[in-house]
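The values are calculated or read from the model by the stated rules, or taken from the named source; none is laboratory data. Since the structure is predicted, the reported quantities are computational estimates derived from the model, not experimental observations. Note: ideal-geometry Cβ built from the backbone for every residue, glycine included; neighbour counts use all protein chains shown.
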Ligand code: NCD
């Protein structure tokens with residue numbers, strides 16, 4: 001059986017192209033499983049997984065939990081709001097306590113970049129990064145690239161634009177790594193203040209105009225403005241942002257081609273994307289959500305194979 005080159009999923013940065021392809025092939029199988037009347041396989045009956053969420057999440061937490069349950073793993077959930085973290089416990093202590101309960105795998109979302117990497121060095125369990133601050137969100141990038149492959153037939157050779165708040169987005173960084181590894185061309189678009197310096201060193205281009213960006217691309221990934229990560233103002237007003245960088249039906253109608261529209265959620269309707277676009281047939285936002293479960297099943301299944 002083919003194996004991942006890594007024992008944890010900490011970031012796309014650490015995966016090989018072969019790893020990503022193996023995850024996609026495995027997800028193809030699980031996508032078929034979750035569309036059957038009985039959506040479950042007994043593969044991970046002997047595995048216990050803890051979902052540790054130190055930051056808010058709806059989609060990602062539910063998606064991981066569903067993926068784990070569809071693989072028949074035992075699942076325990078923890079969220080920081082209701083935990084002893086508020087009483088001053090350290091990350092290592094929290095996790096060691098959970099591991100003492102014989103947990104095999106930890107899926108963790110944490111506000112600090114590198115939290116997953118730190119954990120993987122100190123605890124004896126497989127770690128899956130479900131988002132670490134503004135650093136990486138590897139399963140989101142995998143499901144995004146998988147959804148592009150499904151819509152456009154492949155990722156290699158395709159032109160993908162990422163629009164919006166790149167500076168504060170872990171989705172953007174993980175997407176850039178994944179798309180480049182799979183051979184896509186990547187363009188970033190957004191107000192200059194929300195584009196990190198030296199992005200060219202990641203092998204991507206920057207284009208300030210949304211109109212030019214969508215003329216260029218085959219697929220566009222619209223990102224949310226991460227207000228909760230901002231300590232200062234990066235653009236004049238939300239209205240002005242929406243005027244310059246919000247994707248509208250008029251934008252799509254003005255093109256002489258059909259582009260695929262993506263969004264990782266949560267959507268701010270009327271800001272980065274209008275309702276008409278979010279609900280249009282070109283938007284694959286809910287397909288991304290469905291693919292997320294298959295991708296997470298694949299990641300967990302492949303990492304569990306490394307436990308024995
Ligand atoms: C993203 C996240 O949390 O990084 N959402 C998600 O996981 N689907 C993006 C966001 O919050 O805008």
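Of everything in segment 191-209 that is part of a loop (DSSP other than H, G, I, E, B) and under 21 Å from the mean Cα position of the chain (by Cα), the residue that is surrounded by the most Cβ atoms within 10 Å (Cβ to Cβ) is 204.
Just to verify a result, which residue in segment 266-280, among those that are within 23 Å of residue 153 (Cα to Cα) and in contact (Cβ under 8 Å) with a residue 24 or more places away in the chain, is farthest from the ligand (Cβ to nearest atom)?
First, pick out the residues of segment 266-280 that are within 23 Å of residue 153 (Cα to Cα): 277-280.
With the extra rule that they be in contact (Cβ under 8 Å) with a residue 24 or more places away in the chain, the set shrinks to 277, 280.
Details: 277: 17, 280: 20 Å.
Top of the filtered list is 280.
Here residue 158 meets the list (1) farther than 26 Å from residue 97 by Cα; (2) buried (at least 24 other Cβ atoms within 10 Å of the Cβ); (3) touching a strand residue (DSSP E or B) at 6+ places or on another chain (Cβ under 8 Å) almost entirely, failing just condition (2). Between 147, 151, 174, the distinction of being within 14 Å of the ligand (Cβ to nearest atom), more than 30 Å from residue 95 (Cβ to Cβ), at pLDDT 95 or above and in a helix (DSSP H, G or I) belongs to 147 only.
Contact map, segment 11-22: residues that are more than 18 Å from residue 130 (Cα to Cα) paired with residues that are assigned to a helix (DSSP H, G or I), Cβ distance under 8 Å, separation 6+ or inter-chain. Pairs shown: 16/181; 17/181; 22/302. Checking each residue in segment 239-258 for being touching a residue at least 40 places away in the same chain (Cβ under 8 Å) and surrounded by 20 or more Cβ atoms within 10 Å (Cβ to Cβ) picks out 241, 245, 247. When segment 106-122 is filtered for residues that are within 20 Å of residue 137 (Cβ to Cβ) and surrounded by fewer than 22 Cβ atoms within 10 Å (Cβ to Cβ), the ones remaining, listed by number, are 111, 112, 113, 114, 117, 118, 120. Somewhere in segment 248-256, is a residue closer than 24 Å to residue 57 by Cβ and either under 21 Å from the mean Cα position of the chain (by Cα) or not in a loop (DSSP other than H, G, I, E, B) (or both)? For segment 248-256, residues closer than 24 Å to residue 57 by Cβ and either under 21 Å from the mean Cα position of the chain (by Cα) or not in a loop (DSSP other than H, G, I, E, B) (or both): absent. Within the option set 129, 175, being outside the structural domain of residue 277 (by TED's automatic domain parsing), under 21 Å from residue 16 (Cβ atoms), buried (at least 24 other Cβ atoms within 10 Å of the Cβ) and in contact (Cβ under 8 Å) with a residue 12 or more places away in the chain holds for one residue only, 129.
Restricting attention to segment 210-238, the residues that are away from the ligand (no atom under 16 Å from the Cβ), farther than 25 Å from residue 147 by Cβ and surrounded by 12 or more Cβ atoms within 10 Å (Cβ to Cβ) total 1. Put simply, of 298, 242, 254 the only residue that is in the same structural domain as residue 75 (by TED's automatic domain parsing), out of contact with any strand residue (DSSP E or B) (no Cβ under 7 Å at 6 or more places or on another chain) and away from the ligand (no atom under 14 Å from the Cβ) is 298. When 76, 33, 95 are checked against the criterion of being without any contact (Cβ under 8 Å) to a residue 40 or more places away in the chain and not in a loop (DSSP other than H, G, I, E, B), a single residue qualifies: 76.
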